[in-house]
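Reading through the structure tokens given below for one structure.
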Amino acid sequence: MDAIADRAFQEKQHNVSQDETPSLLAVVIDTNPLEWTKLKGVICLKELCKSVLVLLNAHLSLNSGNRVAVLTSSSLNSGPKFLYPDPNDKTYEKRESLLSSDIHRQFKFVDQKIIQELQILLDNEPLNPENQELKGSIAGAMSMALSYINRLTNIEPESTGNTLRAKMLVISISDDSTQQYVPFMNCIFSAQKMKVSIDVCKMGPDSSFLQQASDVTNGVYMLIKNVHGLIQYLTTALFIDPSLRPIMVLPTNSDLDFRASCFVTNKVIDIGYVCSVCLCIFSIIPRNNVCPTCQSKFDDAVVKKLRQKPIVIPLQKKKKLEDGVQRT
Amino acid sequence: MNDSDDDYLEVDEGIEENDLSFDKKGVARRTRKENQKQKTTANIALKGSNGGYSWEDEYHRSWDIVQEDEAGSLEGIVTGIMEAHKKRFLKNVTPFQRGIIRSMVLVIDFSKVMSEKDLRPNRAALTISNAIEFVNNFFDQNPISQLGIVLMRNGIATLVSEVSGNPNNHVEALRSIRRLEPTGDPSLQNAFEMARGLLLHTPSHSTREILMIFGALFTSDPGDIHTTIDSLVKEKIRVKIIGLTAQVAICKEICRRTNYGDDTLYAVILNEGHFKDLLLDAVTPLAISKSAQVEMRGFTLIKAGFPTRISEAIPSFCACHSKLIHGGYICPGCKSKVCMLPTVCPCCNLMLILSTHLARSYHHLFPLKLFQEVPLAESYISTNCFSCLTEFPQGMSESERSNSDNRAKKEFHTSSRYQCPDCNKHFCVDCDVFVHDVLHNCPGCGC
Amino acid sequence: MSDSSNLLKTTVNDYLENLPESVHNKLYQSSITCLAIFRLLPSLAKFYVMSLLFNEHSVSYIDLTRWIRPDNMTHLVSSSTKSSSSSAVTNFPGAIGKNKMYQNECLKRLKQLNLIKDVRKQWTNPNTGQLTNVVVLQLNPMFRKNFRNALTGSQMSNDLNNDIEMTDVEEVSEEFLDRYSLMKWENILHFMVGSEVPELPSIGVLSLLRHSGLMDIGEENEFIATPKRFKGDNMDLKSMKITQDGFQFLLQDINAQIWQLLLQYLRMSEKLMMNPVDVLNFIFMLGSLELGKQYPVTLLSDTQVIMLEDLVDYGLIYYPEKNRYFYPTRMATTLTSEKTTFKTASMSMNQVLEGGPEVKDHGSIVLETNFKLYCYTTSPLQIAILNLFVHLRTRFANMVTGMITRESVREALRNGITADQIIKYLETHAHSQMKKLAEEKLLKKLEFDSNATETQQIGSQVKLEVIPPTVVDQIKLWQLEMDRLQTFAGFLFKDFANAQEFEQLANYADEVGVMLWRDDDKRKFFVTEEGIGQLNDYANRLKRHRA
């Protein structure tokens, strides 16, 4: 006799469902002007924008409910900024949700808006960059993107009845900055919690922060050497929809270098010492038993034990006696 | 007796003078009365607006608060209520020194009283679900810590799962005790002794803590509990107790003595939501009190290894469980393979962690400053939230504000803007909660 | 929700796949059609197309297969490492994993649409120098060119999206268009349901409904030999009754409904010698037009102009001045949209018209375990549809309430609606709160189940139950109740002279296997229709024997 809670009828198992939930793509572009000058011969911002626009169009063409958001990270004039959607153009946002079946028009609209805003951003840059400080950072832009994603995925669906998945693409050209380590890590962990995968398109130097970011969040990390094929990279490897991720093999290397680097000597270390107060890592026991970052004093007894090198007991000669008993 | 009578009379005078506080619709509210002499602050805090004790007030009906405004729309009120609700998430954050590496024993009461149905479906089941969530959050926020679980049942303490750093074991163990029936009497002393035993071998750099969920009002011990308490204090084990029924004096004393006189660690739940909040509060590391610091001769330095990850086409055995797996981590000390981190290498006893694990605890050490609410004004600089672009409601002029006839409504008028003290950008309440709960980064400062 | 959009996709896809290759190639000349067809593909197919799109060379089949994660045939042992590879795979012969099946299905679909061609090439293996046959996939060049144009925004020439200055015609507001299309569409649906309509739909629509099998001319009319019949089918068309397919049609969501009618129109148009390419192009283009803007008729081909008039009947287009301009309505612009938030035309219209943050529920049926039903709607159409299988009791300003009773479900079943259709309708129109509750319950159940012994196919037993299972099971039981009687046509044998005759014939019928029922006491038995011949022969033989 079946339990009452069991269904009386078995239903046919649906075959592999084609998941059609719309998704949100948030693109964070690193617009650090100092770094872009380093890449002068290789690629310029305009080229990158062209490729990004094609990527956005492709994303919008996948599903009529797909949305995009584009952010720039830093500039000499202002910090991270939304290029799209534009906060000042309120009428647009409402129209977007009703008219999203309008393919070409939507492409044109989005593309035009982004180009416009980018132009405004570049126009506002001061002409003498020497005395200006760089405002904003990748971590700041990622935080903004994450809170936008949070709003669209957690708070709004209650009103629209649609679930939305999200993923983030970071296009970066700069090196890691140790100042950014803590906020960067915070972004990565919150992305992990929100199940947002971070794909990284990296040009220029390699970055271990971003590698870790994509690894922790099940994303793709690509170091682009040949920038002419940028569109192709963007539309294939870095384009995998969140609904396809469970069945696709992601093109990343799994041999990541997770080792830490010492705060004092900046060497990469395998075995080190960790201060229990401020959690900073050293390769050697600091002098005076005081932690350089938090100035907290270490317990002498503990330090002494750590400093102890293993004692080698000298080999003692064994005398062999006639009766076979060894005596030392 | 005399005392309470006096208080009553005094407050009666207060009522005539402060007419504004009495709401015509009979909604019970607590208001501050400057005229009252603060004879017994505790008593006064308990008084309701009608001057008597809180159980003498008129019944507080939730639908009375919500009033329609002139246009007939409830929207303003509803948003105000929602914001007030969200604000309670914001905790006080000052950068304390905290014990990041923790060894904790979770003690769960499984005596007869836990089968009461005042919490749905019954206390024991709700406790277990909350405990599972607690375990997951605990290892999420404190990746290099360790946890063990003990059960109080039938007058004795039983070990549910060993002290370890693997959350899955604990969750499995908790699920398996769901099937047990709560019976017998609780015994605080037995539980504490067992927890002491478990925490005996913890290294000096980690904190020792006991978190107890206590539902009964008595304890049946084989000996003198005060000796146990003395040994707990001597071994510097800190105890936090969550009561489910009512305050019990012995629990209060335990908490006070083991935490250097701090009273806040013993709490009794008000409702299910409060239960969860209290439990999740224990996830954040405890601050190291000054008196404890004085006793210590200094902090500890921990030797740790940072393994490299490898992936293999052909599976090989891991040193910790002898399981066949593809890839794993290689200990830098002895080059043996372990399957997951964080762990202690079984061959050379070196603690193996990743720098990401340490990074998870950074936000406790460098907490984000609270955002301040922007006061009501006629117009504001910002029209949209800086990080999520939601629209803010418009500013209201002075006259509009004073026109609102209902005091209840007035309380819920907010500007909905919260400002970061460093970069002065405005955020909405959802972003505020998100940033402080999950992200721990201010998007405007970017650093 | 996804079921009906899947249904929509399969019908459209079936139609598209059955077209010949030349038609496909012509279709792909318009970039909008390329986009629309692209959106109808399953996600993996979209990925494949994208990866081939910007690749100048053709890609080998094996490379594409490498993207897919290999399946595990054994149940997954959760590995605690972060590596993506799975534990040892054991294959038993003939087994194909889920992923591989999905991939095969996607490739098949792409080939049928002539998007991908596979070519066998001979490559020399660099190591051994041997020639091996390698399968290589190529993207249809026409499609590639036009889709790239669509994405990169070059060449949008033969496209109605170019802004043309039109100052002399007055703008028509969106609300007017919405109301107009709503009126036309609901007219059709009301006619199908059988409620009073102010104005009957046009002959074209009626004949379409008849040809598609959604409605049928009633049986009574066939036997009336009156002169009326020779006046043409018009009178009969106006008195059609709805069929079972029609009921299924009613219970679908609006996108699926429009597409079904459009596909039927396509099929009919082929018979009328209209160019199907033009027709399809026009339909897809409609999906990309902007609401509220007017488009001049001059840009359309002849077939498309003819189509305009037909499409007016469905409420897709507003065409006030013939031969000048036309306006697409909301129904047209959402043709290629997958947004399933627009459940019925009326609901979406209401939402827009009332401008409402108040009307936040899409899908507004609340169903309790005691079979009571509450539906937040004001549209008479939805109420009429609900009336088909729910016993409606009270009607409020914004809500109707009723109960699902045995009688009401039996009425529906008698009319040809199946239990599955009813359940699917309830599920798609369920209130969002119900869905949320169902999800929470599912999570709790999964958590509870996973502490029990490990089961491999947890997914099949525990699924999202939006409608309470008691109601679902009961509706199915009521359907089974209708099948209490099973009829067989045949012959009854009775009044045998003696027992021996009876025995002989009955046993023979038993042995041959044509016997359906026998009663030895009353000496009667019942044989199937087919068996009567054999039994007759045997009986005659017996008689001859005796004689």
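The values are calculated or read from the model by the stated rules, or taken from the named source; none is laboratory data. The structure displayed is predicted, hence computed values, not measured ones. All Cβ positions, even for glycine, are placed from backbone atoms using ideal geometry, and neighbour counts span all protein chains on display.
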Check on A:Ala139, facing another protein chain (nearest Cβ under 8 Å), at pLDDT 75 or above and within 12 Å of the chain's Cα centre (by Cα) = yes
Mind telling me which of the residues A:Thr217, A:Thr178, A:Thr236 ends up being closer than 25 Å to A:Cys280 by Cα, out of contact with any Phe, Trp or Tyr (no Cβ under 7 Å at 6 or more places or on another chain) and either crowded, with 19+ Cβ neighbours inside 10 Å or among the charged types (D, E, K, R) (or both)?
-> A:Thr217
Is it the case that the stretch B:349-366 has a residue that's hydrophobic (A, V, I, L, M, F, W, C), more than 10 Å from every other protein chain (Cβ to nearest Cβ) and on the phi < 0 side of the Ramachandran plot?
-> no
Candidate set from the stretch C:240-287 (those that are of a type in the set (Gly, Ala, Ser) and in contact with a Ser or Thr (Cβ under 6 Å, 6 or more places away or on another chain)); member that is farthest from C:Gly213 (Cα to Cα) | C:Gly287
Considering only strands (runs of 3 or more DSSP E) fully contained in the stretch B:293-358, which possess at least 2 residues that are under 19 Å from A:Lys305 (Cα atoms) and touching a Gly at 6+ places or on another chain (Cβ under 7 Å)?
-> B:301-305
Determine, yes or no, whether B:Glu172 is in the same structural domain as B:Ser103 (by the TED database) and either at pLDDT 90 or above or assigned to a helix (DSSP H, G or I) (or both).
-> yes
Select from the stretch A:290-322 the residues that are away from chain B (no Cβ under 12 Å) and among the β-branched types (Val, Ile, Thr) and write down the one among them that is farthest from B:Tyr362 (Cα to Cα).
-> A:Ile313
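Residue by residue, here is whether (1) in the same structural domain as C:Ile404 (by TED's automatic domain parsing); (2) closer than 30 Å to C:Thr369 by Cα; (3) touching a helix residue (DSSP H, G or I) at 6+ places or on another chain (Cβ under 9 Å); (4) modelled with pLDDT under 85 holds:
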| site | (1), (2), (3), (4) |
| --- | --- |
| C:Ser460 | no, yes, no, yes |
| C:Asp473 | yes, yes, no, no |
| C:Lys494 | no, no, no, no |
| C:Ala499 | no, no, no, no |
| C:Tyr508 | no, no, yes, no |
| C:Asp519 | no, no, no, no |
Scope the stretch B:334-344; condition within 14 Å of chain A (Cβ to nearest Cβ) and modelled with pLDDT under 85; matching residues | B:Met340, B:Leu341, B:Pro342, B:Val344
Go through the residues of the stretch A:200-213 one by one and say whether even a single one is surrounded by fewer than 18 Cβ atoms within 10 Å (Cβ to Cβ) and either closer than 13 Å to A:Met168 by Cβ or within 14 Å of chain B (Cβ to nearest Cβ) (or both).
-> yes
Have a look at C:Leu44, C:Leu7, C:Leu16 and point out the one that is modelled with pLDDT of 75 or more, within 23 Å of the chain's Cα centre (by Cα) and away from every other protein chain (no Cβ under 11 Å).
-> C:Leu16
When every residue in the stretch A:58-84 that is farther than 19 Å from B:Phe386 by Cα, among the small types (Gly, Ala, Ser) and in contact with a helix residue (DSSP H, G or I) (Cβ under 7 Å, 6 or more places away or on another chain) is compared, the one surrounded by the fewest Cβ atoms within 10 Å (Cβ to Cβ) is A:Ser64
Would you mind finding the one in C:Val366, C:Val400, C:Val409 that is crowded, with 16+ Cβ neighbours inside 10 Å and farther than 23 Å from C:Asp473 by Cβ?
-> C:Val400
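A quick yes/no check of all residues on (1) more than 30 Å from B:Met351 (Cβ to Cβ); (2) modelled with pLDDT of 90 or more:
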{"residue": "B:Ser111", "(1), (2)": "yes, yes"}
{"residue": "B:Ala124", "(1), (2)": "yes, yes"}
{"residue": "B:Ala131", "(1), (2)": "no, yes"}
{"residue": "B:Val135", "(1), (2)": "no, yes"}
{"residue": "B:Pro143", "(1), (2)": "no, no"}
Regarding B:Arg196, is this residue within 14 Å of chain A (Cβ to nearest Cβ), closer than 21 Å to B:Leu147 by Cβ, of a type in the set (Lys, Arg) and touching an Asp or Glu at 6+ places or on another chain (Cβ under 9 Å)?
-> no
Is it the case that the stretch A:46-69 has a residue that's in a strand (DSSP E or B), of a type in the set (A, V, I, L, M) and in contact (Cβ under 8 Å) with a residue 40 or more places away in the chain?
-> yes
Restricting the search to the stretch A:144-162, which residues are at the interface with chain B (Cβ under 7 Å from one of its Cβ atoms) and at pLDDT 80 or above?
-> A:Met144, A:Leu146, A:Ser147, A:Tyr148, A:Asn150, A:Arg151
Per the filter on the stretch A:269-289, residues within 9 Å of chain B (Cβ to nearest Cβ) and without any contact (Cβ under 8 Å) to a residue 12 or more places away in the chain are A:Asp270, A:Ile271, A:Val274, A:Ser276, A:Leu279
Matching residues, the stretch B:144-166, being under 14 Å from B:Arg102 (Cβ atoms) and within 14 Å of another protein chain (Cβ to nearest Cβ) | B:Ile144, B:Ser145, B:Ser164, B:Gly165
Which residues, counting only those in the stretch C:506-539, are in contact with a strand residue (DSSP E or B) (Cβ under 7 Å, 6 or more places away or on another chain) and assigned to a helix (DSSP H, G or I)?
-> C:Ala506, C:Ala509, C:Ile532, C:Leu535
Just a yes or no: is a residue in the stretch A:244-262 part of a loop (DSSP other than H, G, I, E, B), modelled with pLDDT of 75 or more and over 30 Å from A:Leu53 (Cα atoms)?
-> yes
